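The values are calculated or read from the model by the stated rules, or taken from the named source; none is laboratory data. A quick note: this is a predicted structure, and the numbers were derived from the prediction, not measured. Note: ideal-geometry Cβ built from the backbone for every residue, glycine included; neighbour counts use all protein chains shown. Note: accessible area is taken over every heavy atom of the protein model, side chains too, but ligands, DNA and RNA are not part of it. Shrake-Rupley method; radii C 1.70, N 1.55, O 1.52, S 1.80 Å.
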Amino acid sequence: MAFIKATLLIAALQTGVLIKSIRFVICLLVALVPAGISLAAGGVTDAEKLAVGLSMMALQFAAPLVGLILGSVVIAEEVEGRTITFFFTRPIHRSALFMGRWIAVALVSSLLMAGSAAGIVYGSSHATFQDTQPQIQWELQTERATGWKTKISQTSKNAWYKDEEGRSRRERVSWMQPGDVIDLPANPQGRPQRIRAVKSIPRDMDLPAGFAGLLILAASLGAAFYTLITAGLSIFYKRPMILGLAYAFAVEGLLANLPGSTQVLSVQYHLRSLLVDMENPAWKRVFDDAEFLEPGQALLRLAVFAIVLLGGCSWAVARKQFVLTS
Amino acid sequence: MSEILTDKPAETSEPTSCVIEARELGRWYGEVVGLSDLSVIIQPGITGLVGPNGSGKSTFMKLIVGELKPSRGGVRVMGHKPFANRTLYRELGFCPQQDALYDHLSAYAFLTHLLRITGKSARDSKLLAGKALERVGLTEAMHRKCGNYSKGMRQRVRIAQAIAHEPKLIIFDEPLSGLDPIARHQIRTIFNELASAGCSLLVSSHVLHELQGLTNRIVLIHRGRLLAQGGISDIRRLLSKHPRRISIASDAPVDLAVELLRLPGMRATRIAEDNRTLTVETQNAEQLFDELPAIATRLQAGITSLDSDDEDLEAVFDYLVG
């Protein structure tokens with residue numbers, strides 16, 4: 001009980017301190033980047049594409065960076081500020097300091113990234129769509145002896161073609177309905193040509209069911225997990241941010257994005273497993289044929305990693321001598 | 001002066017009654033020796049730990065409070081091995097040398113928080129924090145943020161956190177260093193009150209005279225080893241045979257220099273370019289320290305700091321070592 005009480009009191013104090021710090025402001029700005037982009041996005045044609053792209057940004061960039069910036073204060077800041085003595089000469093278990101301070105940074109970073117994820121979801125759902133009308137797929141056809149032959153098939157608003165004199169000309173096609181035909185002047189070879197509307201493609205302005213919850217879970221868990229990694233480094237190094245950045249963006253960046261089984265060694269892979277639905281074409285375009293874990297399995301593995309790391313860090317803090325310079 | 005120049009603990013003392021017992025204690029940082037083969041027994045009451053900067057005083061204190069582990073030998077504090085010993089920390093207070101505080105917190109919030117995490121109720125924590133801050137004379141300023149405190153006030157906050165939980169043994173690492181004479185007097189008064197209340201104190205200083213009037217028991221260490229242990233008068237007599245250089249920051253350094261030159265044993269005075277710092281060299285430092293408060297008051301010289309040159313003290317210790 002005494003350990004839990006000390007841990008929670010330290011966590012409460014550290015949370016109060018953290019949200020008034022310059023680090024918090026920096027992290028808030030980092031978390032706002034993907035959310036801000038989604039909120040400011042204009043001319044969007046597909047909500048899912050926007051949300052998928054920004055989710056990747058949140059998981060690969062914002063969550064690690066927020067986790068690293070906040071996690072580095074856990075022990076290193078106390079050693080650097082030479083205030084660790086005040087805690088380590090009190091009748092409390094030394095690991096209560098680590099646990100309390102980690103809980104504070106994990107909570108704050110999780111809330112920041114949960115807010116960021118919610119912003120992405122809101123922004124993607126409420127983006128200024130280029131056109132809410134369905135898109136028209138049209139074909140530019142020329143007449144041959146065997147009939148009309150399709151030269152081009154597109155979904156753009158305007159069709160470009162060449163007239164008999166070889167000049168480029170534009171025809172607006174966005175108003176057309178399936179089956180509509182526009183007869184054009186003959187092409188440079190003197191053959192008749194036309195534009196034919198083939199089909200109507202509805203615009204995807206809705207996100208998949210459950211996407212919002214999964215993104216918030218993955219982003220907040222990711223940030224908390226990266227705080228734990230940096231907090232662990234902060235026990236041993238005075239500048240844990242540098243090592244943390246190298247790990248998150250060089251080591252993880254390589255492991256998580258190389259094809260093959262090495263992906264399972266990265267935190268990113270497990271976070272993606274929580275979110276990615278390979279049945280969804282928007283995700284399939286990003287990850288091609290990659291395979292992911294079931295969300296429950298990914299969550300379980302992350303929990304086991306976290307418990308092992310927390311245990312190791314607590315053990316190290318309880319035994320390590322922190323040599324303070326006067 | 002039977003204990004002077006001995007590196008073994010006094011055999012006459014009762015091991016069971018001592019508060020600190022170090023046996024062949026050694027601690028090094030890589031290849032740098034912080035403390036080497038120190039054996040000493042410290043009895044209840046106030047004990048002064050004296051040595052020049054780098055002599056191993058802070059290392060010894062960090063070993064006593066369990067901030068560090070010994071590289072060799074051992075230390076027992078009130079019968080306990082100190083490293084991460086929660087039982088001991090209920091009875092031990094530590095005032096570190098470094099000027100480190102949580103600048104965004106008020107002294108009251110800082111102390112209350114430290115007391116609460118050790119298991120005290122919110123009500124008791126507030127009471128004890130208020131009592132400790134009152135004892136160090138910070139009641140009026142206790143709700144101001146520590147970042148806005150003067151050096152003397154910050155030192156008093158560190159002392160308050162060391163005494164707030166009413167420990168039986170308190171370790172003070174250079175508590176008087178860099179303070180003005182008034183603050184020194186206030187803190188010495190607090191130490192005497194604590195001792196009267198039955199508390200044992202170990203107070204370190206690199207200036208022997210700072211401990212004068214506080215205790216008659218001195219442990220002298222140099223280059224990580226016990227150099228001498230005994231009465232303050234015996235050690236003072238040894239040190240006074242050597243010239244000392246003392247820096248005094250004052251509003252009226254010229255007037256002060258003229259007056260001080262009249263004292264016996266004065267060899268030279270020099271006023272620094274800042275027109276505030278007066279450096280005097282004397283063969284009778286004790287008389288200078290005795291006379292200085294009265295002279296400064298008469299001249300209204302406004303002394304803001306008083307420091308003994310470490311290099312000179314080092315020379316004195318070298319002289320003692322032979």
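Brief remarks on what is shown
- Computed over protein heavy atoms with a 1.4 Å probe, the carbon and sulfur contribution to the accessible area of segment B:160-221 reaches 51%.
- Accessible surface buried upon B-A contact (total; probe 1.4 Å; Å², nearest 100): 2900 Å²
- Cα-based shape type of segment A:135-201, given that a ≥ b ≥ c are square roots of the gyration tensor eigenvalues and the cut on a/c is 1.5: oblate
- Value of relative contact order over chain B, rounded to a whole percent, pairs C-alpha under 8 Å and six or more apart: 20 percent
- Rounded tilt (10° steps) of A:2-18 against the dominant C-alpha axis of chain A: 50 degrees
- In Hz, Karplus ³J(HN,Hα) per residue of segment A:47-58 (6.51, -1.76, 1.60; θ = phi - 60°; x = Gly, Pro): 4, 5, 4, 5, 5, 5, x, 6, 5, 4, 5, 5
- Residues of type lysines that residue A:284 reaches as a straight line, Cα spacing below 30 Å, ignoring anything fewer than 8 places off in the same chain: A:49, A:151, A:157, A:199
- Amide H contacts under 5 Å for residue B:99: none, restricted to partners 5 or more places along the chain or on a different chain, H placed in the peptide plane at 1.01 Å from N.
- If you sort the three axes of the alpha carbon gyration tensor as a ≥ b ≥ c, you get a/c of 1.5 or more for chain B and a/b no higher than b/c, which makes it oblate.
- Percent of Cα-Cα distances greater than 24 Å, calculated over segment A:1-157: 55 percent
- Spatially near lysine pairs across chain B, Cα under 25 Å, sequence gap of 8 or more or different chains: 25
- Among A:306, A:290, A:114, the largest mean-square fluctuation in a Gaussian network model of chain A (Cα springs under 10 Å) belongs to A:290.
- Interface residues of segment A:86-126, defined as those losing at least 10 Å² of solvent-accessible heavy-atom surface relative to the isolated chain (probe radius 1.4 Å), are listed as A:86, A:87, A:88, A:89, A:90, A:91, A:92, A:93, A:94.
- Protein-protein interface of segment A:1-45, residues with accessible area decrease of at least 30 Å², isolated chain reference, 1.4 Å probe: A:5, A:9, A:13, A:17
- Segment B:14-56 and segment A:1-54 have their alpha-carbon centroids 49 Å apart.
- Seen through its C-alpha gyration tensor, with square-root eigenvalues sorted a ≥ b ≥ c, the protein assembly as shown comes out prolate because a/c lies at 1.5 or above while a/b is bigger than b/c.
- Cα pair distances in segment A:199-284, grouped into 5 Å bins until the bin that holds the longest one, percent each: 3, 12, 17, 19, 17, 12, 8, 6, 4, 1, 1, 0, 0
- Per residue, chain A exposes an accessible area of 47 Å² to a 1.4 Å probe, with every protein chain left in place.
- DSSP-defined beta bridges in segment B:15-237 - what % are antiparallel, rounded to 5: 55 percent
- Segment A:144-204 and segment B:255-281 have their alpha-carbon centroids 102 Å apart.
- Residues of chain B: accessible area per residue with a 1.4 Å probe, Å²: 42 Å²
- Within the protein assembly as shown, helix-based [θ] at 222 nm, where runs of 4 or more DSSP H residues each add -39,500 (n - 2.57), nearest 500: -14000 deg cm²/dmol
- Placing a label point 7 Å from the Cα of residue A:323 along the Cα-to-Cβ direction, the residues of segment A:223-259 with a backbone N closer than 19 Å are A:234-240.
- Ligands, DNA and RNA left out, the 1.4 Å accessible surface of chain A is 61% carbon and sulfur atoms.
- Gaussian network model of chain A, Cα within-10 Å springs - most flexible of A:69, A:19, A:229: A:19
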